Amino acid sequence: MTESVKFDKMAANYDAARGGEGRGHMTAATISTHLAPGSVLEVGVGTAVVAAGLAALGHTVRGVDVSQPMLDVAATRFGGELLIGDGMALPFEDGSQDNVVYVHALHLMPDMPAALAEAARVLRPGGRVVVRHGDPVAEADDLVLILRQVQAMQPARPDEPEAVRTAAEKAGLRVLRQALGPEYESGMDPDTFIALITNRQVPFLQKLDPARAAEVVAPILEQLHALPEPQRVRRQAWSCWLTAAEKPV
């Protein structure tokens, strides 16, 4: 079986360019109201910024991830159970989980329908899957306009809304809600964005050899270097898709 995407090489700097704990707590708040009573399993827990946010809201949370370096970072902020494991073969018994959560992780699974079928397997009847997915969108500013160009370079995402709905229903789950809505606020300055691109901290760039990656991002870097006030943070409010589904009783 093909393994889910790892972020071993990015673990130490992963949060710096992605909003860290502040973003995680905001995302957790948008998920919490859609959960069934009981504990939460976050698949692709990463550095546990969302898991920590859910725990702060009173949920009992455990996390699983394929990357030990990411889990090592997670353990510095989150005291709950953290397990090494792949979302394609979750290390849990049938019907043992109350909720399964994916936060911008489902598209990293090599087979999204199979991953949701695995989530359905470990869910108890009446348990829920909650997914935050899709490319984030925000009102345009000079930095967002350039980010959209980077997004357009990436391969088509498998976690478009209809694909997630179809995969959930194929897994025997009943979709309760699917909507584009606010998830988090964040800020970035051009210099930080330049470092993110130059250091290939965007996953699709890591799949290219260095020479090809440099060729691809050259026009982006040129535009970033031309922006005024390169150290001024631009604040944005980002929206993403949320799908909540239930395992029938």
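The values are calculated or read from the model by the stated rules, or taken from the named source; none is laboratory data. Quick caveat: nothing in here was measured; it's all calculated off a predicted structure. When we count neighbours, we look across all protein chains shown, and the Cβ atoms used for this are built from the backbone with ideal geometry, even at glycine. What goes into the accessible areas is simple: the full protein's heavy atoms, side chains included, and nothing from ligands, DNA or RNA. Shrake-Rupley method; radii C 1.70, N 1.55, O 1.52, S 1.80 Å.
Does VAL137 fit the bill of being open to solvent by 10 Å² or more (accessible area, probe 1.4 Å), touching a residue at least 12 places away in the same chain (Cβ under 8 Å), closer than 30 Å to PRO230 by Cα and among the β-branched types (Val, Ile, Thr)?
For VAL137, the condition - open to solvent by 10 Å² or more (accessible area, probe 1.4 Å), touching a residue at least 12 places away in the same chain (Cβ under 8 Å), closer than 30 Å to PRO230 by Cα and among the β-branched types (Val, Ile, Thr) - is met.
Do you know which of the residues in the stretch 201-218 that are open to solvent by 20 Å² or more (accessible area, probe 1.4 Å) and touching a residue at least 24 places away in the same chain (Cβ under 8 Å) is farthest from MET26 (Cα to Cα)? It would help to see each step written out before you state the result.
Of all residues in the stretch 201-218, those open to solvent by 20 Å² or more (accessible area, probe 1.4 Å) come to 201, 203-204, 206-212, 214-216, 218.
Next, only the ones that are touching a residue at least 24 places away in the same chain (Cβ under 8 Å) stay: 201, 203-204, 206, 216.
Numbers: GLN201: 23, PRO203: 23, PHE204: 26, GLN206: 28, VAL216: 33 Å.
Per the stated criteria, the residue is VAL216.
Which residue is surrounded by the most Cβ atoms within 10 Å (Cβ to Cβ), if the candidates are limited to the stretch 92-104 and must be part of a loop (DSSP other than H, G, I, E, B) and modelled with pLDDT of 95 or more? Explain how you work it out, then say what you get.
Of the stretch 92-104, the ones part of a loop (DSSP other than H, G, I, E, B) are 92-96, 104.
Going one step further and asking which of them are modelled with pLDDT of 95 or more, we end up with 92-96.
On the way: PHE92: 17, GLU93: 9, ASP94: 10, GLY95: 13, SER96: 14.
The selected residue is PHE92.
Looking at (1) open to solvent by 10 Å² or more (accessible area, probe 1.4 Å); (2) within 25 Å of GLY181 (Cα to Cα), which is the only condition LEU143 fails?
Failed condition: (1).
Which of the residues spanning the stretch 159-180 are of a type outside the set (S, T, N, Q), outside any helix (DSSP H, G or I) and open to solvent by less than 60 Å² (accessible area, probe 1.4 Å)?
Start the filter on the stretch 159-180 by keeping residues that are of a type outside the set (S, T, N, Q), which leaves 159-165, 167-177, 179-180.
Subsequent filtering for residues that are outside any helix (DSSP H, G or I) retains 159-160, 171-177, 179-180.
Once the filter is applied, which keeps residues that are of a type outside the set (S, T, N, Q), outside any helix (DSSP H, G or I) and open to solvent by less than 60 Å² (accessible area, probe 1.4 Å), the stretch 159-180 yields ASP159, ALA171, GLY172, LEU173, VAL175, ALA179.
Of the residues ALA152, ALA156, which single one is under 22 Å from SER239 (Cα atoms), part of a loop (DSSP other than H, G, I, E, B) and open to solvent by 30 Å² or more (accessible area, probe 1.4 Å)? Don't jump to the end; show me each part of the working.
Working: ALA152 fails: part of a loop (DSSP other than H, G, I, E, B).
Every option except ALA156 fails the conditions.
Would you list the helices (runs of 4 or more DSSP H) that sit entirely within the stretch 181-240 and hold 1 or more residues that are aromatic (Phe, Trp, Tyr) and closer than 24 Å to PRO155 by Cβ?
Values: elements: 190-198, 203-206, 210-226.
Because the criterion is at least 1 residues that are aromatic (Phe, Trp, Tyr) and closer than 24 Å to PRO155 by Cβ, the helices (runs of 4 or more DSSP H) in the stretch 181-240 that meet it are 190-198, 203-206.
Within the stretch 131-149, how many residues are assigned to a loop (DSSP other than H, G, I, E, B) and under 17 Å from the mean Cα position of the chain (by Cα)? Walk me through it before giving the result.
In the first step, residues of the stretch 131-149 are kept if they are assigned to a loop (DSSP other than H, G, I, E, B); the result is 138-141.
Adding the requirement that they be under 17 Å from the mean Cα position of the chain (by Cα) leaves 138.
The qualifying residues number 1.
What are the residue pairs meeting all of these: first residue in the stretch 84-96, first residue in contact (Cβ under 8 Å) with a residue 40 or more places away in the chain, second residue among the acidic types (Asp, Glu) and in a loop (DSSP other than H, G, I, E, B), Cβ atoms under 7 Å, and 6 or more apart or on different chains?
Sorted first by the residue in the stretch 84-96, then by its partner, the pairs are ASP86/GLU3; MET88/ASP111.
Go through the stretch 181-200 and report how many residues are under 17 Å from the mean Cα position of the chain (by Cα), more than 30 Å from ALA117 (Cα to Cα) and open to solvent by 50 Å² or more (accessible area, probe 1.4 Å).
Of the residues in the stretch 181-200, 1 are under 17 Å from the mean Cα position of the chain (by Cα), more than 30 Å from ALA117 (Cα to Cα) and open to solvent by 50 Å² or more (accessible area, probe 1.4 Å).
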